[in-house]
Amino acid sequence: MRPSRRAGLLCVALAWALLSGCGTGVSTAEQYKVTLVAKSTQTEFWLSVFAGAEAAATEYNLDLTIIGPETEEDYETQNQMVSQAAQAGADAIVFSAIDYKNNASAIDEAAQKGSKIVAIDSSVDSEMVSTYIGTDNYAAGQMAAQAALDRVDGPLTVGIINYDISSANGQERERGAVDVLKASGRAQVVAVVNTLAEAEHARADTETMLRRYPQINVLLAFNEPTSVGAAEAVEELGLSQQVFLVGFDSNVATVDGLQDGAVDALVVQNPYAMGYLGVESAYQLISGHGGTLERVVDTSTQVVDRDNLFTMDSQKALFAFEQHWE
């Protein structure tokens, strides 16, 4: 082959290689393996997390695997998934802990095998976590309590519907809410229940609470399934006018509840950002690009009620991304 012809082909090949990595500077030869181990794969919250994670994986040319147990109480399956991911050579694990304490040893072992660890949504009791990305859960609990205080006149008699007592984020939300309610001087928490993070269980437990404590005029529910269940209970008992419900996250049922009165306010997180930034941080840890990561990254949280439901900011928060994930 003549030199000029060979040089021309090399130029074409180089141009194609550069175009293939266009936008991120990531070569196809650098495809790292990242596993996202979620708390669940069923709720709209997690579908939005996965959408953000997949967007980041595409941008940074990552081999992304998304897995999670069937229920948000099954930390043992999570531990098995973490162990299997590390054994399979995951360069990084993006993890949301079901159990702050009982997930820690699996994360420690995965890190010792060489996997970088990024925590999202719910942290874990491990020094191996390089960065936490998610809601400031104590502040979010404060927001939920303040939403009720700002919108309900007179004394507040409060019932709290929380999920797994071993979940760090749920307990932080409860602590933040209780501190604000106590400081107000006009609120009393009369009942707290830790239910399964499933709408049907939350509905049944909320109904039991409301029958036992008919004086309750404010309910706080601290994640998507508990909020859906609490709203169903309020509606079925015909208490929409008597009980002010503050829930968490965006779900078709709770957004409908805002319009028909079963729900009065929602503390809306940013799960898409958690997924995107979690996977992006994993890439930065593996590749060494991006410098030193912040230890904690607080994603945005806001209160949506009937008065601001149809504003642009609220609509963006409620419907950040809609996708069916398989």
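The values are calculated or read from the model by the stated rules, or taken from the named source; none is laboratory data. This is a predicted model, so every value here is computed, not measured. All Cβ positions, glycine included, derive from the backbone under ideal geometry; neighbour counts span all protein chains shown.
Every listed requirement among (1) among the basic types (Lys, Arg); (2) outside the structural domain of LEU293 (by TED's automatic domain parsing); (3) surrounded by 19 or more Cβ atoms within 10 Å (Cβ to Cβ) is met by LYS182 save one, (3).
When the residues of segment 160-188 are filtered to those that are modelled with pLDDT of 95 or more and of a type in the set (Val, Ile, Thr), the one that is nearest to the chain's Cα centre (by Cα) is ILE161. Taking segment 118-138 as the range and being closer than 16 Å to GLN171 by Cβ, surrounded by fewer than 24 Cβ atoms within 10 Å (Cβ to Cβ) and of a type in the set (D, E, K, R) as the test, the residues that pass are ASP125, ASP136. Considered as a group, the residues in segment 200-225 that are in a helix (DSSP H, G or I) and of a type in the set (S, T, N, Q) include one that is nearest to GLN269 (Cα to Cα), and that residue is THR206. Within segment 226-253, being at pLDDT 95 or above and outside any helix (DSSP H, G or I) holds for LEU237, GLY238, LEU239, SER240, GLN241, GLN242, VAL243, PHE244, LEU245, VAL246, GLY247, PHE248. Checking segment 306-318 against the condition returns a match, with at least one residue being in a helix (DSSP H, G or I) and within 16 Å of the chain's Cα centre (by Cα). So, in segment 285-298, exactly how many residues are surrounded by fewer than 20 Cβ atoms within 10 Å (Cβ to Cβ) and either of a type in the set (Val, Ile, Thr) or not in a loop (DSSP other than H, G, I, E, B) (or both)? Matching residues across segment 285-298 total 6. Counting the residues of segment 105-159 that are assigned to a loop (DSSP other than H, G, I, E, B) and either within 15 Å of the chain's Cα centre (by Cα) or not hydroxyl-bearing (Ser, Thr, Tyr) (or both) gives 15. Scan segment 203-242 for residues that are over 21 Å from GLY176 (Cα atoms) and of a type in the set (A, V, I, L, M, F, W, C) and the total you get is 9. Across segment 54-104, which residue is farthest from the chain's Cα centre (by Cα) among those that are assigned to a strand (DSSP E or B) and under 18 Å from LEU285 (Cα atoms)? That would be ASP63. Taking each residue of segment 217-230 that is under 10 Å from ILE160 (Cβ atoms) and in contact (Cβ under 8 Å) with a residue 12 or more places away in the chain and looking for partners that are hydroxyl-bearing (Ser, Thr, Tyr) and in a strand (DSSP E or B) with beta-carbon atoms closer than 8 Å, six or more apart or interchain, yields VAL218/THR157. Quick check on SER105: is it more than 18 Å from LEU245 (Cα to Cα), polar (S, T, N, Q) and at pLDDT below 95? It is false that SER105 is more than 18 Å from LEU245 (Cα to Cα), polar (S, T, N, Q) and at pLDDT below 95.
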